[in-house]
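Undergrad: I'd like to ask some things about the structure below.
The values are calculated or read from the model by the stated rules, or taken from the named source; none is laboratory data. Being a predicted model, the structure only gives us computed values, none of them experimental. A quick note on method: Cβ atoms are made from the backbone with ideal geometry, for glycine too, and the neighbour counts reach across all protein chains shown.
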């Protein structure tokens, strides 16, 4: 998958991968349709950071959830 392309399919892929990796308890609250393509670059940065780390502290998870919330349309 080429994440350099700003499209809905890539957004859905990244959101699903983030939810799987972080094992969010309320994963239903994070819906790929809520993310707009105008914040695509920010979403890619968050996705790459999440995929590069093996685990996260509680405070990191809170910060990630907060940032994802800010990116939603």
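Undergrad: Counting only residues that are touching a helix residue (DSSP H, G or I) at 6+ places or on another chain (Cβ under 9 Å) and exposed (fewer than 11 other Cβ atoms within 10 Å of the Cβ), which one in the range 29-73 is modelled with the lowest pLDDT?
TA: Looking at the filtered set, the residue picked out is 73.
Undergrad: I would also like to ask the following. If you take the residues in the range 18-58 that are in contact with a strand residue (DSSP E or B) (Cβ under 7 Å, 6 or more places away or on another chain) and in a helix (DSSP H, G or I), which one is farthest from residue 73 (Cα to Cα)?
TA: Looking at the filtered set, the residue picked out is 43.
Undergrad: Right, something else. Please go through the range 1-47 and give me each residue that is within 21 Å of residue 58 (Cβ to Cβ) and over 9 Å from the mean Cα position of the chain (by Cα), ordered by number.
TA: The answer is 20, 21, 22, 23, 24, 25, 26, 27, 28, 29.
Undergrad: Test residue 15 against the stated conditions and say whether it is within 11 Å of residue 71 (Cβ to Cβ) and assigned to a helix (DSSP H, G or I).
TA: The answer is yes for residue 15.
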